[in-house]
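A short write-up of the structure that comes next.
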Amino acid sequence: MFQKSIGRDEGLWLTPCNGIHTFFMRFDIDVIFLNRQMQVVRLCERLRPNGFGVICFEAQSVLEFRAGFISDRRVRLRHVLEFLPGRPAGPGPIPARFV
């Protein structure tokens, strides 16, 4: 929120969460809803700023990325977010992929 942009491989993981809005956003975003098993249960591409957003009652967490992330990475329903070994200590990127 309030940022002017987001990096190509950066995202925001909201947990626990099953709904988002885009009020105060300054750019379009892609949203991925995940259930407790980290499986993709809903995809929302190119949500515009200052909208009411989306709710997914099946979701337990939400990932927000720059617009285009879903199509660039070919994320599909039922894909599973998998965390990779080698997570760095402290803040910073968490290695993960969709399988």
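The values are calculated or read from the model by the stated rules, or taken from the named source; none is laboratory data. All figures in this text were calculated on a predicted structure; none of them were measured in a lab. Positions of Cβ are generated from backbone atoms using ideal geometry, with glycine treated the same way; all protein chains shown enter the neighbour counts.
Against the condition touching a His at 6+ places or on another chain (Cβ under 9 Å) and part of a strand (DSSP E or B), how does Val31 come out, does it pass? It is false that Val31 is touching a His at 6+ places or on another chain (Cβ under 9 Å) and part of a strand (DSSP E or B). Within the stretch 24-51, the only residue that satisfies the criterion of being exposed (fewer than 13 other Cβ atoms within 10 Å of the Cβ) and among the hydrophobic types (A, V, I, L, M, F, W, C) is Phe24. Among the residues of the stretch 1-17 satisfying the criterion of being outside any loop (DSSP other than H, G, I, E, B) and within 16 Å of Gly68 (Cβ to Cβ), which is modelled with the highest pLDDT? Only one residue tops the list, namely Leu12. The residues on offer are Phe23, Phe69, and the sole one that is over 15 Å from Ala96 (Cβ atoms) and among the aromatic types (Phe, Trp, Tyr) is Phe23.
Where strands (runs of 3 or more DSSP E) sit wholly within the stretch 52-99, those with at least 3 residues that are at pLDDT 90 or above and either surrounded by 11 or more Cβ atoms within 10 Å (Cβ to Cβ) or among the basic types (Lys, Arg) (or both) occupy 61-66.
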